[in-house]
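The structure under discussion appears below in the form of structure tokens.
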Amino acid sequence: MRILIIDDLRDRSAWLKASLELAKFHVVGVLAWDQVDDHSIQAASADLIIMDADAPGRDTLEQISLMSTTLEKPVVVLSGQNDQRSIQEAMRAGVSAYVSHEIQGEDLSGIIQVAAARFSEHKRLRDELKEAKNQLSDRKLVDRAKGILMTDHGFSEEEAYKRMRSMAMSKGKRISEIAEAIIFAKELST
């Protein structure tokens, strides 16, 4: 697994890098927070990001959210903040693991495995939700287009659906695309 470390403290990041390499992880980079931007993170091509969240003067949650959702990377946060509010905000921002105590080198493998598994599961659920929303949206389009065909052309619901399905198959389109075209055509005519 390729890991990027983001930490302003050289001693801690050097210890973390050495501990990760000892545990057979590949550290692809160590960045201080003032070096962090979209390009530097993407250029590292990391599978997972471990970051310090204690440094002042930056919007840590915004950075975490970007890394977790936009770049689709699991993020492990090492923080001295162990209050419930900080932990909840970090989890809402997309953190896969939040460690608020001092860690030992032997802890890293388990933390990383849990973070990667949690991230994968969260991504799977997000993808399922997105697919369900898309299917619902498509279903609403199809129902609306069926209603137009039934009203304007006197088709039964079954006949309207058959015609849309037949056209979708003959044109190599999804039925929701045909439904959308019917809706657009209706909007143009009114």
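Quick notes
- Simple spin-label estimate for D138 and Q42 in nanometres, 7 Å along Cα-Cβ: 2.9 nm
- The stretch 99-107 - phi-based ³J(HN,Hα) in whole Hz, Karplus 6.51/-1.76/1.60, Gly and Pro as x: 10, 10, 10, 5, 10, 9, x, 6, 6
- Farthest toward the positive end of the dipole of the stretch 129-189, out of I182, M169, L141, is the Cα of M169, where the dipole comes from beta carbon charges about the Cα centre.
- Positive-end extreme of charge dipole, the stretch 2-103 - chosen from F25, V95, I49 (charges on Cβ): F25
- Of the DSSP H helices in the chain, those whose Cα atoms cover at least 24 Å axially and whose Kyte score averages -1.0 or more: 108-153
- Amide H contacts under 5 Å for L71, placed H, 5+ residues apart: none
- Cross-link partners of K73 among lysines, defined as those whose alpha carbon lies under 17 angstrom from its own and excluding same-chain residues fewer than eight positions apart: K123.
- Under 24 Å, Cα to Cα: Lys pairs in the stretch 129-189, sequence gap 8 or more or different chains: 18
- Projected label distance in nm at L188 and R126, using a 7 Å step from Cα toward the beta-carbon: 3.8 nm
- Per DSSP, loop chymotrypsin sites (Phe, Trp or Tyr not before Pro) in the stretch 83-179 with at most 13 further Cβ within 10 Å: none
- Rg(Cα)/(2.2 N^0.38 Å) for the stretch 129-189, N = residue count: 1.09
- Considering only I49, I148, I112, the Gaussian network model of the chain with Cα springs below 10 Å gives its largest mean-square fluctuation to I148.
- Taking the Cα centre of the chain as reference, the dipole from Cβ charges on Lys and Arg (+1) and Asp and Glu (-1) amounts to some 1060 debye.
- Scaling against 2.2 N^0.38 Å puts the C-alpha radius of gyration of the stretch 73-190 at 1.82.
Just so you know, all these numbers are worked out from the coordinates, no wet-lab data involved. Being a predicted model, the structure only gives us computed values, none of them experimental. Note that each Cβ is placed from the backbone with ideal geometry, even for glycine, and that neighbours are counted across all protein chains shown.
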